[in-house]
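Read the structure below first, then the notes.
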Amino acid sequence: MSQKTLTEDTRSGAEEAQPAASSKRWWILAIVAVAQLMVVLDATIVNIALPSAQKDLGFSDGNRQWIVTAYALAFASLLLLGGRIADLFGRKTAFLVGVVGFAAASALGGAATSFEMLVTARALQGVAGALLAPAALSLLNTTFTDARERARAFSVYGAIAGAGGAVGLLLGGVLTDAFDWRWTLYVNVAIAFVAFAGGWVLLSNHRDAADSKLDMPGTVLVAGGLFSLVYGFSNAETHDWSSPQTWGFLIVGGVLLAAFAWWQNRAAHPLLPLRILLDRNRGASFLTVLITGAGMFGVFLFLTYYLQLNLGFSPTKTGVAFLPMIGALMVMAQVGTTVLVPRLGPKTIIPLGFAIAMVGMAWLTGIGVSSSYATHVLPQLIVIGAGLGMVMPPAMQLATGGVAAEDAGVASATVNAMQQVGGSVGTALLNTLAASAATDYVAGKDASSKLVQAQATIESYTTAFWWSAGFFAAGTLIALALYRRGVPQQDADAAPVVHM
């Protein structure tokens, strides 16, 4: 039999198997989406509940940040390890263990009787999330290989990754108002039950990198580097930038990450193979996710303050106020990944999305003490959501596309790490700049005046928004410079095999 006949027979068989597998793929997408939503929304769902938790457990304002930071530290520092574990021991195992661990840690946090117990639970959530998040994303990468189906799947996943923070604010507000702050943690048990049941039934435990070994030196270096980096930026919120607690950890983090890069070029079984980073579109996508994570906090964090403290919105109403942004983001995520990028390429669409988000963020700086939501917030949120919908989902798809199946987990972990580190950098930098702007405004004025105090808070918000707009402007230029021209072509040899 000729080679041509063999090829045609193989293709024919694959086409006949496609309809049978297709419905299962979309159920897998639903389960992965549920798990990803649980991980992403937990970065913000607790924020709205913090005042209630602080009053109940009696911890200080200075300790309040650790409820958020403990999660970020564990999550960011262990992501690459979690991704490699998924490659080595199987994505189903990593996914299910991560789901169970996240549910258990959430239950522990909901039952917390002290500050220490709550912080421990949040850190354990981060550990479980570091195993769950890369396993979930790599499952998409190895399940959807058809270009059109893959684009649809990543439009859903990217929309959740981009809008999950706002969903967390909405759900956190509803649960806090209707029940108790503890339910912002208990709700994960219900979500995890759905994800576990679906994962147990639908997934198989193929191990694409079963012959490799875990790179322990690389693991220690990258975990220590990411921990120090996130910890240093987190300290910038409570310490001055000139404090050794800030710059000291930032330097240590930089040195450890540089040592990690050096070691990866020499290790027999590298934790992060450099071939993953060398593709131009993939490298540009990693930077895109990093910048988006930094800039998005300008919307979620400071606009939450503005809506509650200045416009008097309740936690639930604040969450609802973000829904138009979520809607615009999800619509443009679908259009961007399935229509625009396949026709025009990322070099056109992703810079355009950044530019639209930049315009929306700059427009948002027009808020004032007596502004209304309908005229000074709503249109801007829709514009920002539309822009980010053109950026985040296509970047996530390109960042994980074309990698060999044995590298899918660690490539997915790198995407999550970029988003987490970007968010940490953005939070620390914008908080510091906003506080300085408020202090500078009050200088020389009557600090006891309510009008002066109100205007000072507005000055802090708009400063953060301008800097977020600057992040998106930088993203526009970087994406325009780095992405290759033309429409990305799927490499049949590099495309991952479907394992279900």
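Structural remarks
- Shown for the chain are the DSSP H helices of 20 Å or more along their axis, judged by Cα atoms, with a mean Kyte-Doolittle hydropathy of at least -1.0: 3-41, 61-89, 91-110, 115-143, 147-178, 183-202, 216-238, 244-264, 280-305, 346-364, 408-442, 450-482.
- For residue 450, the lysines whose Cα falls under 29 Å of its own Cα, not counting residues fewer than eight places away in the same chain, are 55, 317.
- Overall form of the chain per C-alpha gyration tensor (a/c, 1.5; a/b vs b/c): prolate
- The fraction of accessible area contributed by carbon and sulfur in the chain is 66 percent, rounded to a whole number (1.4 Å probe; ligands and nucleic acids excluded).
- Solvent-accessible area per residue in segment 410-484 equals 40 Å², computed with a 1.4 angstrom probe and all protein chains kept.
- Rolling a 1.4 Å probe over the heavy atoms of the protein chains gives segment 214-362 an accessible area of 40 Å² per residue.
- Scanning the chain for chymotrypsin sites (Phe, Trp or Tyr not before Pro) lying in DSSP loops with no more than 16 further Cβ atoms inside 10 Å, the longest uninterrupted stretch between such sites is 242-500.
- Scanning the chain for trypsin sites (Lys or Arg not before Pro) that sit in a DSSP loop and have at most 11 other Cβ atoms within 10 Å, the longest stretch containing none of them is 267-484.
- Segment 27-102 and segment 385-464: distance between their alpha carbon centers, rounded to Å: 19 Å
- Cα gyration tensor category, rounded, prolate or oblate, for segment 336-389 with a/c compared to 1.5: prolate
- Shape of segment 275-348, Cα gyration tensor, a/c cut at 1.5: oblate
The values are calculated or read from the model by the stated rules, or taken from the named source; none is laboratory data. What you see is a predicted model, and the numbers here were worked out from it, not measured in a lab. Using ideal geometry, Cβ is built from the backbone for each residue, glycine included, and neighbour counts are taken over all protein chains shown. Side chains are part of the model used for accessible areas, which takes the heavy atoms of the whole protein and leaves out ligands, DNA and RNA. Shrake-Rupley method; radii C 1.70, N 1.55, O 1.52, S 1.80 Å.
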